[in-house]
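J.: What follows is a structure written as structure tokens; I'll ask about it next.
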Amino acid sequence: MPIRVLSPEVASRIAAGEVVERPASVVKELLENAIDAGARTIQVEMEEGGLRLIRVADDGCGIPAGEVELAFARHATSKLTDVEDLNRITTLGFRGEALASIAAVSLVEMSTRSADEEVGTLLSLEAGQVVRRRPIGRPAGTTVTVENLFFNVPARRKFLRSPLTEAGHIQEIVTCYAMAYPDRRISLSHNGRLAFRSPGTGQLLDVLLELYGPETAGALLPLLPIPDEEPSPVLVSGFVSPPALHRADRRYMVFFVNGRWIRDKALTYAVQQAYHTLLPANRFPIAIIQIQLDPAEVDVNVHPTKTEVRFRAAGEVFRAVQRQVRAALVHQGATAAPFSLPGWGERSVSAAEIAARQQVLLAAGRSAAEQALRLIPPAEKPSPEPAPLSAPRLPILRVVGQVRQTYIIAEGPDGLYLIDQHAAHERILYEQMMSRSAAGAPLSQALLEPVVVSVDFRQQDVIHTYDEALRLAGFDMEPFGEGAYLLRAVPAVLAGRQDPRSALLEVIDELERGESPLSRRKEDMVMAAVCKRGAVKAGQTLTHEEMNELVRQLEATSSPQTCPHGRPTMIHLSVEALARQFLRS
Ligand code: ADP
Ligand code: MG
């Protein structure tokens with residue numbers, strides 16, 4: 001065949017293949033655009049793992065009516081003008097090819113309005129060609145809907161995995177960006193159901209709480225600059241797991257370079273090396289690590305997907321990461337109290353700014369360590385009240401062991417008991433709170449320092465509805481300007497278990513989800529929500545002593561058989577039932 005220049009159509013489809021490998025690539029590019037547009041709230045929707053539909057809606061700056069078509073032209077970008085700019089990229093996008101690539105292989109609809117214009121634009125494209133355009137009214141921001149991805153590239157469509165696998169990839173992308181940008185509210189829903197939502201508080205730890213739950217997130221160790229060390233031009237921040245907490249694969253190690261999520265085998269290896277000999281074979285740590293350095297020191301233009309970078313001084317970066325992780329592991333515990341990481345989630349940083357932040361981090365580390373020493377554990381005595389005699393009580397049980405880190409096996413005079421550790425603990429905490437409240441004893445524990453909690457209108461609604469009940473349960477708070485509360489005390493059963501801000505937000509979330517029947521009193525619903533957040537989780541390893549203590553406290557409750565939400569706390573297999581099963585009788 002003679003040499004020919006490819007037609008624009010073929011060329012663009014080949015180029016699209018480099019950027020858009022699978023549905024998750026589309027989500028990544030649209031998310032990056034929304035973040036670059038300064039959006040505060042970003043909603044990602046997918047249907048059938050993104051194969052049928054992907055929609056990303058943001059409240060960012062929007063696109064002026066005169067530029068909407070241009071946004072879909074290849075190599076059209078508002079983020080870069082000359083070659084020099086490539087050395088100081090502070091936006092996530094810069095190649096100007098994502099929208100063109102996505103549009104080439106799908107049906108796209110973009111609705112957008114620039115904050116400076118009155119009227120928005122709705123543009124529809126099929127295989128990259130504009131098929132419709134009309135003005136529309138809408139709030140400032142942009143919504144991009146991508147349907148039937150790869151409808152015109154059957155070969156690619158054939159190689160895609162099941163919707164569930166593709167959904168997993170999308171979830172990974174969305175949660176990673178939520179971690180990198182904790183100041184944005186980023187949500188993901190799949191087939192109409194909310195899968196994940198970051199609270200947008202600006203605290204990485206709040207995102208981690210949402211992702212991993214209070215037990216895991218609360219155990220993570222912050223990375224802090226090492227005292228008495230030369231300040232380095234590479235700022236490393238984030239969290240890593242203590243050696244006792246590990247995972248079966250490397251996916252829980254995530255890295256960001258100046259706010260960009262990247263994959264890097266050498267960095268992954270550097271972190272693993274820091275845990276050398278501390279982890280069992282084939283187990284991997286959790287690590288959320290942000291590396292901030294002068295943009296001129298890193299080349300992000302390695303691959304169209306922009307997930308690979310090249311460091312000018314790679315060795316120095318790896319050493320900085322490894323030193324920092326190692327230091328956190330060595331000093332673990334002392335600095336485990338949560339605090340905010342300055343600068344997390346920003347992209348453009350100067351060397352001077354990095355040095356200044358290192359000072360802040362140092363101070364934060366010290367005060368966190370001091371606070372950890374001063375924190376008083378909440379009093380958690382079992383209920384002194386004798387329970388009503390009519391309630392079904394538990395006999396004295398002997399703990400045998402734990403199954404799947406979820407159930408406690410215990411033996412009693414009349415057979416075997418399988419106890420759900422979370423439900424049982426909920427019941428214990430619930431009765432402790434009820435009896436204290438009946439005795440007029442305080443349920444709340446004052447914070448050493450009040451904290452400001454920002455809430456959205458939805459959360460504010462819940463607070464209004466449950467105002468009095470929240471106060472009775474031990475939350476002491478007052479309105480603090482627009483969309484915020486000053487929190488002075490939390491229920492004692494939550495103190496020390498998790499940071500106060502997320503304690504409140506999680507209880508609100510729980511109330512909003514409202515799995516308790518509507519007929520119940522608000523006070524009961526709040527107490528049940530508080531206990532749910534305060535109780536040990538399924539999946540948590542308990543020592544024999546802890547299990548003994550839990551069972552002993554459960555024995556002392558008035559309704560040991562059910563949790564405050566009405567679910568059973570235990571299954572009883574009587575001696576007779578066992579004998580029957582084994583055909584002994
Ligand atoms: P790049 O992000 O590399 O510039 P894209 O093809 O992703 O290239 O986007 C092209 C241009 O369209 C961007 O430079 C930006 O000006 C505009 N754009 C895309 N998405 C959005 C959005 N969600 N909000 C505002 N502008 C957007
Ligand atoms: Mg882009």
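J.: Is there any pair linking a residue in segment 527-555 that is touching a residue at least 24 places away in the same chain (Cβ under 8 Å) and assigned to a loop (DSSP other than H, G, I, E, B) to one that is open to solvent by less than 20 Å² (accessible area, probe 1.4 Å) and acidic (Asp, Glu), with Cβ under 6 Å and at least six apart or on different chains, and which?
T.: Qualifying pairs under 6 Å: 535/426.
J.: Restricting attention to segment 17-37, which residues are in contact with a strand residue (DSSP E or B) (Cβ under 9 Å, 6 or more places away or on another chain) and either open to solvent by 30 Å² or more (accessible area, probe 1.4 Å) or away from ligand 1 (no atom under 13 Å from the Cβ) (or both)?
T.: Within segment 17-37, 23, 33 meet the criteria.
J.: Only one residue in 462, 493, 452 is at pLDDT 90 or above and not aromatic (Phe, Trp, Tyr), so which one is that?
T.: Details: 462 fails: at pLDDT 90 or above; 493 fails: at pLDDT 90 or above.
None of the others qualify; the one that does is 452.
J.: Evaluate segment 255-264: report whether one residue or more is aliphatic (A, V, I, L, M), closer than 28 Å to residue 293 by Cβ and at pLDDT below 85.
T.: To start, the set of residues in segment 255-264 that are aliphatic (A, V, I, L, M) comprises 257, 262.
Still in the running and closer than 28 Å to residue 293 by Cβ: 257, 262.
Of the ones still in play, those that are also at pLDDT below 85 are none.
No: zero hits.
Listed here are the residues, each with its yes/no results for (1) assigned to a strand (DSSP E or B); (2) open to solvent by 40 Å² or more (accessible area, probe 1.4 Å).
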| residue | (1), (2) |
| --- | --- |
| 417 | yes, no |
| 424 | no, no |
| 432 | no, no |
| 436 | no, yes |
| 452 | yes, yes |
| 463 | no, no |
| 482 | no, yes |
| 486 | yes, no |
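J.: So, of the residues in segment 79-106 that are among the hydroxyl-bearing types (Ser, Thr, Tyr) and surrounded by 17 or more Cβ atoms within 10 Å (Cβ to Cβ), which turns out to be farthest from ligand 1 (Cβ to nearest atom)?
T.: Of the residues in segment 79-106, the ones among the hydroxyl-bearing types (Ser, Thr, Tyr) are 81, 90-91, 101, 106.
Cutting the leftovers down to surrounded by 17 or more Cβ atoms within 10 Å (Cβ to Cβ) gives us 91, 101, 106.
Numbers: 91: 7, 101: 8, 106: 14 Å.
Among those that are among the hydroxyl-bearing types (Ser, Thr, Tyr) and surrounded by 17 or more Cβ atoms within 10 Å (Cβ to Cβ), it is 106.
J.: Within segment 24-118, considering only strands (runs of 3 or more DSSP E) that don't extend past its boundaries, which have at least 1 residues that are without any contact (Cβ under 8 Å) to a residue 40 or more places away in the chain?
T.: Working: elements: 41-47, 53-58, 107-113.
Correct list: 107-113.
J.: Test residue 126 against the criterion of being within 25 Å of residue 170 (Cα to Cα), more than 8 Å from ligand 1 (Cβ to nearest atom) and open to solvent by 70 Å² or more (accessible area, probe 1.4 Å), and give yes or no. First the steps, then the outcome.
T.: Values: within 25 Å of residue 170 (Cα to Cα): yes; more than 8 Å from ligand 1 (Cβ to nearest atom): yes; open to solvent by 70 Å² or more (accessible area, probe 1.4 Å): yes.
Answer is yes for this residue.
J.: Something else: What number goes with the only condition from (1) open to solvent by less than 20 Å² (accessible area, probe 1.4 Å); (2) of a type in the set (Val, Ile, Thr); (3) outside any loop (DSSP other than H, G, I, E, B); (4) out of contact with any Lys or Arg (no Cβ under 8 Å at 6 or more places or on another chain) that residue 571 does not pass?
T.: Residue 571 satisfies all of (1) open to solvent by less than 20 Å² (accessible area, probe 1.4 Å); (2) of a type in the set (Val, Ile, Thr); (3) outside any loop (DSSP other than H, G, I, E, B); (4) out of contact with any Lys or Arg (no Cβ under 8 Å at 6 or more places or on another chain) except (1).
J.: Right, residue 98: at pLDDT 85 or above, within 12 Å of ligand 2 (Cβ to nearest atom) and out of contact with any Phe, Trp or Tyr (no Cβ under 8 Å at 6 or more places or on another chain) or not? First the steps, then the outcome.
T.: Details: at pLDDT 85 or above: yes; within 12 Å of ligand 2 (Cβ to nearest atom): yes; out of contact with any Phe, Trp or Tyr (no Cβ under 8 Å at 6 or more places or on another chain): yes.
The answer is yes for residue 98.
J.: Quick check on my filter: what residues within segment 67-95 are within 14 Å of ligand 2 (Cβ to nearest atom) and hydroxyl-bearing (Ser, Thr, Tyr)?
T.: 77, 78, 90, 91
J.: Same structure again: Does residue 14 fit the bill of being over 18 Å from residue 261 (Cα atoms), in a helix (DSSP H, G or I) and either more than 16 Å from ligand 2 (Cβ to nearest atom) or open to solvent by 10 Å² or more (accessible area, probe 1.4 Å) (or both)? Break it down stepwise before answering.
T.: Working: over 18 Å from residue 261 (Cα atoms): yes; in a helix (DSSP H, G or I): yes; either more than 16 Å from ligand 2 (Cβ to nearest atom) or open to solvent by 10 Å² or more (accessible area, probe 1.4 Å) (or both): yes.
Answer is yes for this residue.
J.: In addition: Can you go through 212, 177 and tell me which one is farther than 25 Å from residue 13 by Cβ, of a type in the set (Ser, Thr, Tyr) and open to solvent by less than 20 Å² (accessible area, probe 1.4 Å)?
T.: Working: 212 fails: open to solvent by less than 20 Å² (accessible area, probe 1.4 Å).
Going through 212, 177 in turn, the sole match is 177.
J.: Let me ask something else about it. The conditions are (1) surrounded by fewer than 21 Cβ atoms within 10 Å (Cβ to Cβ); (2) within 23 Å of the chain's Cα centre (by Cα); (3) within 9 Å of ligand 1 (Cβ to nearest atom); (4) on the phi < 0 side of the Ramachandran plot, and residue 41 fails exactly one of them. Which is it?
T.: With (1) surrounded by fewer than 21 Cβ atoms within 10 Å (Cβ to Cβ); (2) within 23 Å of the chain's Cα centre (by Cα); (3) within 9 Å of ligand 1 (Cβ to nearest atom); (4) on the phi < 0 side of the Ramachandran plot applied to residue 41, the lone miss is (3).
J.: Does residue 105 fit the bill of being more than 12 Å from ligand 2 (Cβ to nearest atom), over 27 Å from residue 181 (Cβ atoms) and touching a Pro at 6+ places or on another chain (Cβ under 7 Å)? Explain how you work it out, then say what you get.
T.: Numbers: more than 12 Å from ligand 2 (Cβ to nearest atom): yes; over 27 Å from residue 181 (Cβ atoms): yes; touching a Pro at 6+ places or on another chain (Cβ under 7 Å): no.
It is false that residue 105 is more than 12 Å from ligand 2 (Cβ to nearest atom), over 27 Å from residue 181 (Cβ atoms) and touching a Pro at 6+ places or on another chain (Cβ under 7 Å).
J.: If you scan segment 112-137, which residues turn out to be polar (S, T, N, Q) and more than 16 Å from ligand 2 (Cβ to nearest atom)? Talk me through it step by step, then tell me what you get.
T.: Residues of segment 112-137 that are polar (S, T, N, Q), as a first pass: 112, 114, 121, 124, 129.
Listed by number, the residues that qualify are 114, 121, 124, 129.
J.: If the Cβ limit is 6 Å and pairs must be 6+ apart or interchain, which residue in segment 276-304 that is part of a strand (DSSP E or B) pairs with which residue that is open to solvent by 70 Å² or more (accessible area, probe 1.4 Å)?
T.: What qualifies is 284/250; 299/310.
The values are calculated or read from the model by the stated rules, or taken from the named source; none is laboratory data. Predicted model only: the values in this text are computed from it and were never measured. FYI the Cβ positions are ideal-geometry reconstructions off the backbone, even for glycines, and counts take in every protein chain you see. SASA here: full protein model, heavy atoms, side chains in, ligands and nucleic acids out. Shrake-Rupley method; radii C 1.70, N 1.55, O 1.52, S 1.80 Å.
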